[in-house]
1. Out of (1) at pLDDT 90 or above; (2) more than 21 Å from the chain's Cα centre (by Cα), the odd one out for A:Phe221 is which?
2. Can you tell me which residue within region B:82-98, out of those that are surrounded by fewer than 18 Cβ atoms within 10 Å (Cβ to Cβ) and closer than 21 Å to A:Ile266 by Cβ, is farthest from the other protein chains (Cβ to nearest Cβ)?
3. Within region A:165-209, which residues are under 27 Å from the mean Cα position of the chain (by Cα) and assigned to a loop (DSSP other than H, G, I, E, B)?
4. Does at least one position in region A:31-41 carry a residue that is among the basic types (Lys, Arg), crowded, with 16+ Cβ neighbours inside 10 Å and under 28 Å from A:Leu299 (Cβ atoms)?
5. Do we find that A:Ser44 is surrounded by fewer than 20 Cβ atoms within 10 Å (Cβ to Cβ) and under 20 Å from A:Ser91 (Cα atoms) in this structure?
6. Need the failing condition index for B:Gly62 against (1) touching a residue at least 40 places away in the same chain (Cβ under 8 Å); (2) more than 14 Å from every other protein chain (Cβ to nearest Cβ); (3) buried (at least 16 other Cβ atoms within 10 Å of the Cβ), just the number.
7. Have a look at A:Ala112, A:Ala60 and point out the one that is buried (at least 16 other Cβ atoms within 10 Å of the Cβ) and either under 24 Å from the mean Cα position of the chain (by Cα) or aliphatic (A, V, I, L, M) (or both).
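The values are calculated or read from the model by the stated rules, or taken from the named source; none is laboratory data. Keep in mind that this is a model prediction, so the values were computed, not measured. Using ideal geometry, Cβ is built from the backbone for each residue, glycine included, and neighbour counts are taken over all protein chains shown.
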Amino acid sequence: METEKLEIILEYANNSYVNLDNMSIEALESFLAVTNALKNIAGSVSTDINFSIKKGSACAAVFGTKTDIYNVYGRIEEAINGESDDDIVTSNLREIQKHIKNEVYKYQFKFANENFDNKIREAKKIVKKRSKNFYKHELTVLTGYFNEVGGNDPNYHFDYGNGLKTTIECDIPQALELREYLYQNISCLVQKKYSPDDENNTTYYHCAVIKNEQTRIFRKFAEDLNSTTDLFARIDLLYDFSEYSKSVIEDLSILVSCYNYLFQDINELKTLLILTKNFKDNPLIKDKREKLIKEFEVLMNKI
Amino acid sequence: MFEIIKTISEQDIKDEFVAIGAYVSDSRIPQFSNGTPYHSLIIIKYQDELFQFHYTGDPTLGILLDNSIDSNCFHKITDTIDIKLIPAFIMMCKRILKNANPKYGYFYSGEFYDIDGTHFSDKAIGERMTCSGFCLNVLKGFLEDDYIVYTDWDSSTHQLENYLQDFCNIRGLNINEIEISHRRISPLELLSSGYYSNIPITKEQVDSKIGSVEDYLKNY
């Protein structure tokens, strides 16, 4: 079968010729970052590929069947043109772009022996394209009479009478925890997933049960978070939340327990860790925070 | 020396970073010999913009987060703060700027800036620190663990006659409660700590870098 390859070659760092036998710290750091990004991109397209690192400057190559390598290249080109909706390809290509653009390094990026580093250098900042038919996610607080929980794919209901009810998806540990609230009026922080084109296509996911006195701060927090995608503004909201909280350990413990529904960016998770550091041994927070740290570390190594 | 960068005029190897900075004396600062680091600060570069974050020690200026970095500032990138987390770091600095209220003194005993930029101390000394101590409070606030093994420094690192006694007398403080916090971690030592990424950093590690950092700055 015909094979093909994509290569990244680091030729110079800080005006010195790079040699795999003898690399400076900064050349190695850059080369490893770029090689890792190339691995992530290629690995997300096909698992049936191989890599090599070889001398003559510092050269990392991914090789495989012609189809696979053309696919990898296609995904890269799509991202260069701002047409990619793939997070792995765009974030890793952005990392490669950063190094190619840095004047300290001189890189070559070759596909089928043709250079295309200029294309990457000159591309606008590579970002993920938002797909058209996407779902929107919002946080909200629901209050109601809670009269049923269970099922193989567990869920629970808020019954509003006259046949009106809302179904909320949850997992088994949550279902077990929720049982103690049966036949009571309760409030829950939930994630609402819906399609803007079709209001009937809405699903709710359970985040946490909140107490009556917490509904106000969580309603406001949910509204505020829904209203902005700007990372700095969202971090500010987290700080405001803890600053205005009247029972900060209890309120923060809820954010820690359902961080995966609330936050997307690693910096939001880091801020949550900063905010809860002094309570890390508090029984309300301890176990959940340790889980969050593990997840945080996995994410740090992935990006 | 490799990796210590003159902040304004030299280009660092990374586009974005958090670094330990130091203002270094030249002919404008006659009270120190040329090439002495006399003020500690944190340098941040994010999206092509350089910031300094520091405690001036001046009661009216307090803490500053701005771009007016001195021309004779040097820095060393610290790998203890991942560049992916610079937005979270900047936002923490902004909260500290808003809520912190440090006072000057040669003390540090593991304090840090906590939730919302308010200060956390389990010692009697409270929010009392030098410019280097401020940087340590900030770094510890951001990191999961201690940045430095502060107990490696004892009160002999700050030998100003009767400092502790006078400090306590003026403020009516109990010297027995305060002396545990008395120490000086200097701007030169803090700058040298920038070479280490495994925390907490020991005095022995710092000491092994001081000579070459000092030589580099004197001969710059």
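1. Of (1) at pLDDT 90 or above; (2) more than 21 Å from the chain's Cα centre (by Cα), only one is false for A:Phe221: (2).
2. Looking only at region B:82-98, we keep the residues that are surrounded by fewer than 18 Cβ atoms within 10 Å (Cβ to Cβ), and these are B:82-84, B:94, B:97-98.
Of the ones still in play, those that are also closer than 21 Å to A:Ile266 by Cβ are B:82-84, B:94.
Numbers: B:Asp82: 7, B:Ile83: 10, B:Lys84: 6, B:Lys94: 8 Å.
Selected residue: B:Ile83.
3. A:Cys170, A:Asp171, A:Pro196, A:Asp197
4. There is no residue in region A:31-41 that is among the basic types (Lys, Arg), crowded, with 16+ Cβ neighbours inside 10 Å and under 28 Å from A:Leu299 (Cβ atoms).
5. yes
6. With (1) touching a residue at least 40 places away in the same chain (Cβ under 8 Å); (2) more than 14 Å from every other protein chain (Cβ to nearest Cβ); (3) buried (at least 16 other Cβ atoms within 10 Å of the Cβ) applied to B:Gly62, the lone miss is (3).
7. Only one candidate passes the filter, namely A:Ala60.
Let's see how each residue does on (1) of a type in the set (Phe, Trp, Tyr); (2) surrounded by 24 or more Cβ atoms within 10 Å (Cβ to Cβ); (3) touching a His at 6+ places or on another chain (Cβ under 9 Å); (4) free of Cβ contacts under 8 Å to residues at least 24 places away in the same chain:
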| residue | (1), (2), (3), (4) |
| --- | --- |
| B:Thr80 | no, no, no, no |
| B:Ala100 | no, no, yes, no |
| B:Gly110 | no, no, no, no |
| B:His119 | no, no, no, yes |
| B:Ser132 | no, yes, yes, no |
